[in-house]
(Lines give C-alpha, C1' and ligand atoms only; values in the text may rest on other atoms or scores of the structure.)
Protein backbone atom coordinates (compact mmCIF):
# COMPACT_ATOMS: atom_id res chain seq x y z
CA UNK A 1 0.00 0.00 0.00
CA UNK A 2 2.77 2.42 1.02
CA UNK A 3 4.75 1.54 -2.11
CA UNK A 4 1.75 2.27 -4.35
CA UNK A 5 1.20 5.60 -2.52
CA UNK A 6 4.82 6.51 -3.27
CA UNK A 7 4.62 5.43 -6.94
CA UNK A 8 1.36 7.32 -7.53
CA UNK A 9 2.64 10.31 -5.55
CA UNK A 10 5.78 10.58 -7.67
CA UNK A 11 3.72 10.18 -10.86
CA UNK A 12 1.61 13.06 -9.53
CA UNK A 13 4.60 15.31 -8.81
CA UNK A 14 6.04 14.52 -12.27
CA UNK A 15 2.68 15.49 -13.82
CA UNK A 16 2.76 18.77 -11.88
CA UNK A 17 6.33 19.43 -13.08
CA UNK A 18 5.35 18.76 -16.72
CA UNK A 19 2.27 20.97 -16.33
CA UNK A 20 4.45 23.81 -15.00
CA UNK A 21 6.73 23.43 -18.04
CA UNK A 22 3.71 23.51 -20.38
CA UNK A 23 2.31 26.59 -18.63
CA UNK A 24 5.68 28.29 -18.98
CA UNK A 25 5.76 27.41 -22.70
CA UNK A 26 2.25 28.82 -23.17
CA UNK A 27 3.24 32.08 -21.42
CA UNK A 28 6.16 32.82 -23.75
CA UNK A 29 4.81 35.53 -26.10
CA UNK A 30 4.41 35.03 -29.84
CA UNK A 31 6.76 36.70 -32.32
CA UNK A 32 5.30 38.59 -35.28
CA UNK A 33 6.85 37.09 -38.41
CA UNK A 34 5.02 38.89 -41.16
CA UNK A 35 1.79 40.80 -41.65
CA UNK A 36 0.18 42.25 -44.71
CA UNK A 37 -3.11 43.86 -45.54
CA UNK A 38 -4.90 44.60 -48.75
CA UNK A 39 -8.21 44.82 -50.51
CA UNK A 40 -9.65 43.52 -53.73
CA UNK A 41 -12.87 43.19 -55.62
CA UNK A 42 -13.99 39.73 -56.66
CA UNK A 43 -16.15 39.48 -59.79
CA UNK A 44 -19.18 37.15 -59.81
CA UNK A 45 -18.20 33.46 -59.84
CA UNK A 46 -14.51 34.35 -59.75
CA UNK A 47 -11.71 33.79 -57.21
CA UNK A 48 -8.97 35.93 -55.75
CA UNK A 49 -6.01 34.80 -53.63
CA UNK A 50 -3.49 36.44 -51.33
CA UNK A 51 -0.52 34.25 -52.29
CA UNK A 52 0.95 31.16 -50.64
CA UNK A 53 3.03 30.62 -47.51
CA UNK A 54 4.67 27.56 -46.02
CA UNK A 55 3.34 27.08 -42.49
CA UNK A 56 4.63 24.81 -39.74
CA UNK A 57 3.14 23.75 -36.39
CA UNK A 58 5.03 26.51 -34.57
CA UNK A 59 3.25 29.18 -36.59
CA UNK A 60 -0.21 30.66 -36.36
CA UNK A 61 -1.93 32.49 -39.17
CA UNK A 62 -4.43 35.15 -38.02
CA UNK A 63 -6.82 36.51 -40.62
CA UNK A 64 -9.30 39.37 -40.36
CA UNK A 65 -11.61 40.13 -43.30
CA UNK A 66 -14.21 42.81 -43.99
CA UNK A 67 -16.56 41.78 -46.77
CA UNK A 68 -19.06 43.83 -48.74
CA UNK A 69 -21.30 41.38 -50.57
CA UNK A 70 -20.99 37.62 -50.22
CA UNK A 71 -17.73 35.69 -50.30
CA UNK A 72 -16.67 32.18 -49.42
CA UNK A 73 -13.27 32.33 -47.73
CA UNK A 74 -11.08 29.24 -47.98
CA UNK A 75 -7.75 28.31 -46.45
CA UNK A 76 -6.44 25.77 -48.94
CA UNK A 77 -3.44 23.47 -48.73
CA UNK A 78 -2.08 24.45 -52.14
CA UNK A 79 0.79 26.44 -53.59
CA UNK A 80 -0.09 29.17 -56.08
CA UNK A 81 2.47 31.14 -58.06
CA UNK A 82 2.42 34.45 -59.88
CA UNK A 83 2.35 34.20 -63.67
CA UNK A 84 2.81 36.82 -66.35
CA UNK A 85 -0.17 36.40 -68.67
CA UNK A 86 -1.50 38.92 -71.25
CA UNK A 87 0.67 41.73 -69.93
CA UNK A 88 -0.33 41.35 -66.26
CA UNK A 89 0.80 39.32 -63.29
CA UNK A 90 -1.80 36.96 -61.86
CA UNK A 91 -1.87 33.83 -59.73
CA UNK A 92 -2.13 30.48 -61.54
CA UNK A 93 -5.36 29.60 -59.76
CA UNK A 94 -8.83 30.17 -61.19
CA UNK A 95 -12.39 29.16 -60.42
CA UNK A 96 -12.06 25.92 -62.43
CA UNK A 97 -9.05 24.94 -60.29
CA UNK A 98 -11.10 25.66 -57.17
CA UNK A 99 -14.04 23.53 -58.34
CA UNK A 100 -11.69 20.67 -59.26
CA UNK A 101 -9.95 20.89 -55.88
CA UNK A 102 -13.25 20.92 -53.96
CA UNK A 103 -14.48 17.85 -55.82
CA UNK A 104 -11.33 15.76 -56.05
CA UNK A 105 -9.27 16.85 -53.03
CA UNK A 106 -11.67 18.00 -50.30
CA UNK A 107 -8.99 17.05 -47.74
CA UNK A 108 -6.98 20.07 -48.92
CA UNK A 109 -9.67 22.45 -47.68
CA UNK A 110 -8.31 23.33 -44.29
CA UNK A 111 -10.91 25.93 -43.47
CA UNK A 112 -14.05 27.28 -45.16
CA UNK A 113 -16.57 30.00 -44.25
CA UNK A 114 -19.17 32.04 -46.06
CA UNK A 115 -18.96 35.70 -45.05
CA UNK A 116 -21.75 38.13 -45.98
CA UNK A 117 -21.47 41.88 -45.33
CA UNK A 118 -19.57 41.48 -42.08
CA UNK A 119 -16.21 41.61 -40.33
CA UNK A 120 -14.81 38.21 -39.52
CA UNK A 121 -11.64 37.03 -37.77
CA UNK A 122 -10.16 33.60 -37.35
CA UNK A 123 -6.84 31.93 -36.72
CA UNK A 124 -5.33 28.61 -37.67
CA UNK A 125 -2.38 26.58 -36.38
CA UNK A 126 -1.28 23.74 -38.69
CA UNK A 127 -0.46 20.29 -37.36
CA UNK A 128 2.17 19.62 -40.05
CA UNK A 129 4.35 21.53 -42.50
CA UNK A 130 2.04 22.69 -45.29
CA UNK A 131 1.50 25.21 -48.05
CA UNK A 132 -1.37 27.55 -47.24
CA UNK A 133 -3.25 29.88 -49.52
CA UNK A 134 -6.21 32.08 -48.66
CA UNK A 135 -8.76 32.09 -51.47
CA UNK A 136 -11.84 34.33 -51.79
CA UNK A 137 -14.62 32.99 -53.99
CA UNK A 138 -17.63 35.03 -55.02
CA UNK A 139 -20.58 32.61 -55.38
CA UNK A 140 -22.96 35.30 -56.63
CA UNK A 141 -23.80 35.27 -60.34
CA UNK A 142 -24.40 39.01 -60.62
CA UNK A 143 -22.88 41.07 -57.76
CA UNK A 144 -19.25 41.96 -57.36
CA UNK A 145 -17.99 41.57 -53.79
CA UNK A 146 -15.28 43.61 -52.04
CA UNK A 147 -12.94 42.32 -49.39
CA UNK A 148 -10.36 43.95 -47.16
CA UNK A 149 -8.05 41.51 -45.46
CA UNK A 150 -5.42 41.68 -42.76
CA UNK A 151 -3.20 38.60 -42.52
CA UNK A 152 -0.63 38.12 -39.73
CA UNK A 153 1.77 35.21 -39.34
CA UNK A 154 3.00 34.63 -35.79
CA UNK A 155 5.54 32.24 -34.39
CA UNK A 156 5.33 30.50 -31.03
CA UNK A 157 6.99 27.54 -29.31
CA UNK A 158 3.79 25.47 -29.24
CA UNK A 159 0.04 25.81 -29.84
CA UNK A 160 -0.70 27.90 -26.75
CA UNK A 161 -4.34 26.98 -26.17
CA UNK A 162 -3.73 23.26 -26.59
CA UNK A 163 -0.70 23.29 -24.28
CA UNK A 164 -2.51 25.38 -21.67
CA UNK A 165 -5.56 23.08 -21.73
CA UNK A 166 -3.35 20.02 -21.19
CA UNK A 167 -1.58 21.79 -18.30
CA UNK A 168 -4.91 22.77 -16.72
CA UNK A 169 -6.14 19.15 -16.96
CA UNK A 170 -2.91 17.51 -15.77
CA UNK A 171 -2.28 19.77 -12.77
CA UNK A 172 -5.34 18.73 -10.68
CA UNK A 173 -4.73 15.05 -11.52
CA UNK A 174 -1.12 15.46 -10.39
CA UNK A 175 -2.18 17.21 -7.17
CA UNK A 176 -4.75 14.48 -6.36
CA UNK A 177 -2.14 11.77 -6.92
CA UNK A 178 0.56 13.59 -4.96
CA UNK A 179 -1.41 14.61 -1.85
CA UNK A 180 -1.44 11.20 -0.05
CA UNK A 181 2.30 10.76 -0.65
CA UNK A 182 3.11 14.30 0.46
CA UNK A 183 1.00 13.87 3.62
CA UNK A 184 2.71 10.57 4.33
CA UNK A 185 6.16 12.11 3.86
CA UNK A 186 5.24 15.05 6.10
CA UNK A 187 3.95 12.72 8.84
CA UNK A 188 7.13 10.65 8.69
CA UNK A 189 9.29 13.76 8.99
CA UNK A 190 7.21 14.93 11.96
CA UNK A 191 7.68 11.57 13.70
CA UNK A 192 11.45 11.74 13.15
CA UNK B 1 9.26 -16.08 -0.88
CA UNK B 2 9.19 -16.01 -4.73
CA UNK B 3 11.85 -14.38 -6.86
CA UNK B 4 9.57 -11.49 -7.77
CA UNK B 5 9.46 -9.90 -4.34
CA UNK B 6 13.23 -9.57 -3.70
CA UNK B 7 13.63 -8.24 -7.26
CA UNK B 8 10.97 -5.59 -6.56
CA UNK B 9 12.70 -4.81 -3.23
CA UNK B 10 16.01 -4.15 -5.00
CA UNK B 11 14.29 -2.24 -7.83
CA UNK B 12 12.31 0.02 -5.48
CA UNK B 13 15.39 0.65 -3.35
CA UNK B 14 17.40 1.54 -6.49
CA UNK B 15 14.65 3.85 -7.79
CA UNK B 16 14.41 5.49 -4.36
CA UNK B 17 18.17 6.16 -4.39
CA UNK B 18 18.45 7.22 -8.05
CA UNK B 19 15.42 9.50 -8.14
CA UNK B 20 15.24 11.24 -4.78
CA UNK B 21 12.66 14.03 -4.63
CA UNK B 22 12.82 16.35 -6.61
CA UNK B 23 15.32 14.84 -9.12
CA UNK B 24 12.66 13.11 -11.22
CA UNK B 25 10.46 16.22 -11.25
CA UNK B 26 13.32 18.56 -12.26
CA UNK B 27 14.32 16.29 -15.14
CA UNK B 28 10.69 15.89 -16.27
CA UNK B 29 10.34 19.70 -16.24
CA UNK B 30 13.54 20.13 -18.26
CA UNK B 31 12.59 17.46 -20.83
CA UNK B 32 9.14 18.99 -21.39
CA UNK B 33 10.47 22.54 -21.60
CA UNK B 34 13.50 21.55 -23.71
CA UNK B 35 11.39 19.70 -26.27
CA UNK B 36 9.29 22.77 -27.05
CA UNK B 37 12.12 25.28 -26.79
CA UNK B 38 14.48 23.41 -29.12
CA UNK B 39 11.92 21.99 -31.57
CA UNK B 40 12.50 23.47 -35.00
CA UNK B 41 10.92 22.74 -38.35
CA UNK B 42 13.63 24.65 -40.20
CA UNK B 43 13.16 28.11 -41.59
CA UNK B 44 14.04 27.20 -45.17
CA UNK B 45 11.98 24.01 -45.43
CA UNK B 46 9.42 24.15 -48.21
CA UNK B 47 6.46 21.84 -48.15
CA UNK B 48 7.34 20.45 -51.59
CA UNK B 49 11.10 20.34 -51.06
CA UNK B 50 11.22 18.01 -48.05
CA UNK B 51 9.58 14.66 -47.51
CA UNK B 52 7.48 14.04 -44.42
CA UNK B 53 10.13 11.60 -43.18
CA UNK B 54 12.85 14.24 -43.52
CA UNK B 55 10.66 16.77 -41.69
CA UNK B 56 10.03 14.25 -38.88
CA UNK B 57 13.78 13.53 -38.68
CA UNK B 58 14.59 17.26 -38.60
CA UNK B 59 12.16 18.06 -35.82
CA UNK B 60 13.21 15.07 -33.66
CA UNK B 61 16.91 15.86 -34.19
CA UNK B 62 16.36 19.47 -33.18
CA UNK B 63 14.61 18.46 -29.95
CA UNK B 64 17.40 16.03 -29.09
CA UNK B 65 20.18 18.60 -28.71
CA UNK B 66 20.13 19.77 -25.07
CA UNK B 67 17.45 17.35 -23.70
CA UNK B 68 19.65 14.41 -24.81
CA UNK B 69 22.58 15.89 -22.89
CA UNK B 70 20.34 16.29 -19.82
CA UNK B 71 19.28 12.62 -20.21
CA UNK B 72 22.94 11.56 -20.46
CA UNK B 73 23.79 13.46 -17.25
CA UNK B 74 20.95 11.63 -15.46
CA UNK B 75 22.03 8.18 -16.74
CA UNK B 76 25.72 8.80 -16.03
CA UNK B 77 24.86 10.01 -12.52
CA UNK B 78 22.72 6.93 -11.89
CA UNK B 79 25.32 4.45 -13.12
CA UNK B 80 28.51 6.07 -11.86
CA UNK B 81 27.26 7.61 -8.65
CA UNK B 82 24.35 5.26 -7.90
CA UNK B 83 26.03 1.94 -8.55
CA UNK B 84 29.46 3.23 -7.46
CA UNK B 85 28.26 4.42 -4.06
CA UNK B 86 26.30 1.17 -3.56
CA UNK B 87 29.54 -0.76 -4.14
CA UNK B 88 31.53 1.56 -1.88
CA UNK B 89 28.97 1.50 0.95
CA UNK B 90 28.47 -2.26 0.76
CA UNK B 91 24.81 -2.07 -0.22
CA UNK B 92 25.43 -4.47 -3.15
CA UNK B 93 26.89 -6.99 -0.66
CA UNK B 94 23.62 -6.77 1.29
CA UNK B 95 21.67 -7.47 -1.89
CA UNK B 96 23.78 -10.61 -2.40
CA UNK B 97 22.15 -12.05 0.73
CA UNK B 98 18.72 -11.81 -0.96
CA UNK B 99 17.31 -14.97 -2.57
CA UNK B 100 18.03 -13.49 -5.97
CA UNK B 101 20.64 -14.21 -8.62
CA UNK B 102 23.36 -11.66 -9.18
CA UNK B 103 22.11 -10.94 -12.70
CA UNK B 104 18.69 -10.17 -11.20
CA UNK B 105 20.28 -7.58 -8.90
CA UNK B 106 22.12 -5.94 -11.81
CA UNK B 107 18.94 -6.00 -13.93
CA UNK B 108 17.05 -4.21 -11.15
CA UNK B 109 19.82 -1.61 -10.83
CA UNK B 110 19.94 -1.05 -14.61
CA UNK B 111 16.15 -0.91 -14.89
CA UNK B 112 16.22 1.92 -12.38
CA UNK B 113 19.28 3.73 -13.76
CA UNK B 114 18.52 3.33 -17.47
CA UNK B 115 14.96 2.03 -17.87
CA UNK B 116 13.16 4.66 -15.81
CA UNK B 117 15.34 7.44 -17.27
CA UNK B 118 14.61 6.23 -20.84
CA UNK B 119 10.90 5.88 -20.14
CA UNK B 120 10.74 9.42 -18.75
CA UNK B 121 12.82 10.89 -21.59
CA UNK B 122 11.07 9.14 -24.49
CA UNK B 123 7.61 9.38 -22.92
CA UNK B 124 7.82 13.14 -22.41
CA UNK B 125 9.59 13.93 -25.69
CA UNK B 126 7.34 11.86 -27.96
CA UNK B 127 4.19 13.11 -26.19
CA UNK B 128 5.39 16.73 -26.50
CA UNK B 129 6.18 16.24 -30.18
CA UNK B 130 2.73 14.71 -30.67
CA UNK B 131 1.12 17.76 -29.04
CA UNK B 132 3.18 20.00 -31.30
CA UNK B 133 2.74 18.22 -34.64
CA UNK B 134 0.40 15.19 -34.51
CA UNK B 135 0.17 14.91 -38.30
CA UNK B 136 3.94 14.59 -38.58
CA UNK B 137 4.71 12.40 -35.57
CA UNK B 138 1.96 9.79 -35.83
CA UNK B 139 2.29 8.92 -39.56
CA UNK B 140 6.10 8.97 -39.28
CA UNK B 141 6.39 7.12 -35.96
CA UNK B 142 8.90 4.68 -37.52
CA UNK B 143 11.21 7.54 -38.52
CA UNK B 144 10.79 9.14 -35.09
CA UNK B 145 11.71 5.91 -33.28
CA UNK B 146 14.63 5.23 -35.65
CA UNK B 147 15.99 8.74 -34.98
CA UNK B 148 15.78 8.13 -31.23
CA UNK B 149 17.37 4.68 -31.60
CA UNK B 150 20.25 6.07 -33.67
CA UNK B 151 20.82 9.00 -31.31
CA UNK B 152 20.65 6.95 -28.11
CA UNK B 153 23.03 4.21 -29.28
CA UNK B 154 26.28 6.05 -28.48
CA UNK B 155 25.14 7.32 -25.04
CA UNK B 156 24.08 3.75 -24.19
CA UNK B 157 27.49 2.46 -25.32
CA UNK B 158 29.21 4.94 -22.97
CA UNK B 159 26.79 3.89 -20.21
CA UNK B 160 27.90 0.27 -20.76
CA UNK B 161 31.57 1.24 -20.63
CA UNK B 162 30.90 3.24 -17.45
CA UNK B 163 29.15 0.21 -15.95
CA UNK B 164 32.22 -1.96 -16.63
CA UNK B 165 34.57 0.68 -15.21
CA UNK B 166 32.43 1.22 -12.11
CA UNK B 167 32.31 -2.53 -11.44
CA UNK B 168 36.06 -2.87 -12.00
CA UNK B 169 37.09 0.15 -9.91
CA UNK B 170 34.22 -0.21 -7.41
CA UNK B 171 33.72 3.54 -7.34
CA UNK B 172 31.96 5.91 -9.69
CA UNK B 173 34.01 9.13 -9.78
CA UNK B 174 36.56 8.04 -12.38
CA UNK B 175 34.00 6.29 -14.58
CA UNK B 176 31.86 9.47 -14.57
CA UNK B 177 34.85 11.50 -15.81
CA UNK B 178 35.67 8.83 -18.44
CA UNK B 179 32.04 8.81 -19.58
CA UNK B 180 31.92 12.59 -20.03
CA UNK B 181 35.29 12.59 -21.84
CA UNK B 182 34.11 9.82 -24.18
CA UNK B 183 30.88 11.70 -24.89
CA UNK B 184 32.65 14.91 -25.88
CA UNK B 185 35.45 13.03 -27.64
CA UNK B 186 32.95 11.61 -30.13
CA UNK B 187 32.04 15.07 -31.46
CA UNK B 188 35.76 15.81 -31.97
CA UNK B 189 36.48 12.42 -33.55
CA UNK B 190 33.48 12.65 -35.89
CA UNK B 191 34.56 16.18 -36.86
CA UNK B 192 38.05 14.94 -37.77
CA UNK B 193 36.59 11.93 -39.61
CA UNK B 194 34.25 14.21 -41.56
CA UNK B 195 37.09 16.48 -42.67
CA UNK B 196 39.16 13.41 -43.61
CA UNK B 197 36.24 11.91 -45.58
CA UNK B 198 35.51 15.16 -47.42
CA UNK B 199 39.16 15.70 -48.44
CA UNK B 200 39.70 12.10 -49.55
CA UNK B 201 36.12 11.68 -50.84
CA UNK B 202 36.19 8.31 -49.11
CA UNK B 203 33.45 7.54 -46.58
CA UNK B 204 35.29 4.73 -44.72
CA UNK B 205 36.09 6.88 -41.66
CA UNK B 206 32.42 7.96 -41.42
CA UNK B 207 31.25 4.37 -41.86
CA UNK B 208 33.48 3.22 -38.98
CA UNK B 209 32.10 5.95 -36.70
CA UNK B 210 28.55 5.14 -37.82
CA UNK B 211 28.99 1.63 -36.46
CA UNK B 212 29.15 3.07 -32.92
CA UNK B 213 27.23 6.31 -33.50
CA UNK B 214 24.60 5.66 -36.22
CA UNK B 215 23.14 9.15 -35.93
CA UNK B 216 25.85 10.15 -38.44
CA UNK B 217 24.61 7.77 -41.16
CA UNK B 218 21.01 8.80 -40.45
CA UNK B 219 21.97 12.47 -40.79
CA UNK B 220 23.64 11.70 -44.13
CA UNK B 221 20.62 9.66 -45.27
CA UNK B 222 18.12 12.45 -44.61
CA UNK B 223 20.28 15.53 -45.08
CA UNK B 224 23.22 14.52 -47.27
CA UNK B 225 25.09 17.43 -45.71
CA UNK B 226 28.55 15.87 -46.08
CA UNK B 227 28.57 15.62 -49.85
CA UNK B 228 27.71 13.28 -52.69
CA UNK B 229 30.54 10.83 -52.05
CA UNK B 230 28.42 8.93 -49.53
CA UNK B 231 24.74 8.27 -50.21
CA UNK B 232 23.72 5.54 -47.75
CA UNK B 233 20.60 3.51 -48.50
CA UNK B 234 17.92 3.00 -45.86
CA UNK B 235 19.00 -0.63 -45.40
CA UNK B 236 22.50 0.69 -44.65
CA UNK B 237 21.07 2.97 -41.95
CA UNK B 238 19.28 0.00 -40.38
CA UNK B 239 22.46 -2.10 -40.63
CA UNK B 240 24.63 0.50 -38.85
CA UNK B 241 21.97 1.01 -36.17
CA UNK B 242 21.72 -2.76 -35.68
CA UNK B 243 25.52 -3.14 -35.48
CA UNK B 244 25.77 -0.34 -32.93
CA UNK B 245 23.17 -2.02 -30.71
CA UNK B 246 24.96 -5.37 -31.02
CA UNK B 247 28.09 -3.60 -29.69
CA UNK B 248 26.04 -1.99 -26.88
CA UNK B 249 24.48 -5.36 -26.00
CA UNK B 250 27.94 -6.99 -25.98
CA UNK B 251 29.34 -4.36 -23.57
CA UNK B 252 26.36 -4.83 -21.22
CA UNK B 253 26.75 -8.62 -21.57
CA UNK B 254 30.37 -8.23 -20.42
CA UNK B 255 29.09 -6.17 -17.50
CA UNK B 256 26.65 -8.96 -16.55
CA UNK B 257 29.41 -11.60 -16.84
CA UNK B 258 31.74 -9.53 -14.66
CA UNK B 259 29.05 -8.81 -12.07
CA UNK B 260 27.88 -12.44 -11.93
CA UNK B 261 31.21 -14.27 -11.95
CA UNK B 262 34.19 -12.02 -11.40
CA UNK B 263 33.01 -9.42 -8.90
CA UNK B 264 34.41 -10.59 -5.57
CA UNK B 265 32.87 -8.70 -2.70
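The values are calculated or read from the model by the stated rules, or taken from the named source; none is laboratory data. If you're wondering where the values come from, they're calculated on a predicted model, not measured in any experiment. Cβ atoms come from the backbone with ideal geometry, glycine included; neighbour counts cover every protein chain shown.
Each residue in the stretch B:18-27 was checked for being facing another protein chain (nearest Cβ under 8 Å), touching a residue at least 60 places away in the same chain (Cβ under 8 Å) and more than 10 Å from residue A:10 (Cβ to Cβ), and 0 pass. A Cβ distance below 8 Å, combined with a sequence gap of six or more or placement on separate chains, defines the contacts here; from the stretch B:124-135, residues that are at the interface with chain A (Cβ under 9 Å from one of its Cβ atoms) reach residues that are part of a helix (DSSP H, G or I) and surrounded by fewer than 22 Cβ atoms within 10 Å (Cβ to Cβ) in the pairs B:131/A:162; B:131/A:166. Just one of the listed residues (B:214, B:203) is over 29 Å from residue B:86 (Cβ atoms) and more than 23 Å from the chain's Cα centre (by Cα), and it is B:203. Does residue B:148 meet the test of being more than 14 Å from chain A (Cβ to nearest Cβ) and either at pLDDT 95 or above or surrounded by 21 or more Cβ atoms within 10 Å (Cβ to Cβ) (or both)? Yes; evaluated as a whole, the condition is true for this residue. Just so you know, in the stretch A:57-79 the residues that are in a strand (DSSP E or B) and within 20 Å of residue A:128 (Cα to Cα) include one that is nearest to the other protein chains (Cβ to nearest Cβ), and it is A:59. Every condition in (1) touching a strand residue (DSSP E or B) at 6+ places or on another chain (Cβ under 7 Å); (2) surrounded by 15 or more Cβ atoms within 10 Å (Cβ to Cβ); (3) within 14 Å of another protein chain (Cβ to nearest Cβ) is met by residue A:47 except one, and the failing one is (3). Taken across the stretch B:69-78, residues that are at pLDDT 90 or above, within 14 Å of chain A (Cβ to nearest Cβ) and either under 27 Å from residue B:108 (Cβ atoms) or surrounded by fewer than 19 Cβ atoms within 10 Å (Cβ to Cβ) (or both) do occur, with at least one present.
Return yes when residue A:25 is under 22 Å from the mean Cα position of the chain (by Cα), more than 14 Å from chain B (Cβ to nearest Cβ) and either on the phi < 0 side of the Ramachandran plot or assigned to a strand (DSSP E or B) (or both) and no when it is not. No: the conditions fail for residue A:25.
In this structure, residue A:86 qualifies as on the phi > 0 side of the Ramachandran plot and at pLDDT below 95. Counting only residues that are at pLDDT 95 or above and within 14 Å of another protein chain (Cβ to nearest Cβ), the stretch A:169-182 holds 7 of them. Determine whether residue A:54 is part of a loop (DSSP other than H, G, I, E, B) and at pLDDT below 95. When the stated conditions are applied, residue A:54 does not pass them. With respect to residue A:18, is the statement that it is in contact (Cβ under 8 Å) with a residue 24 or more places away in the chain and surrounded by 13 or more Cβ atoms within 10 Å (Cβ to Cβ) true? Considered against the rule, which asks whether it is in contact (Cβ under 8 Å) with a residue 24 or more places away in the chain and surrounded by 13 or more Cβ atoms within 10 Å (Cβ to Cβ), residue A:18 comes out as yes. Would you point out the residue of the stretch B:36-65, among those that are modelled with pLDDT of 90 or more and not in a helix (DSSP H, G or I), that is farthest from the chain's Cα centre (by Cα)? Checked the stretch B:36-65; the qualifying residue farthest from the chain's Cα centre (by Cα) is B:40.
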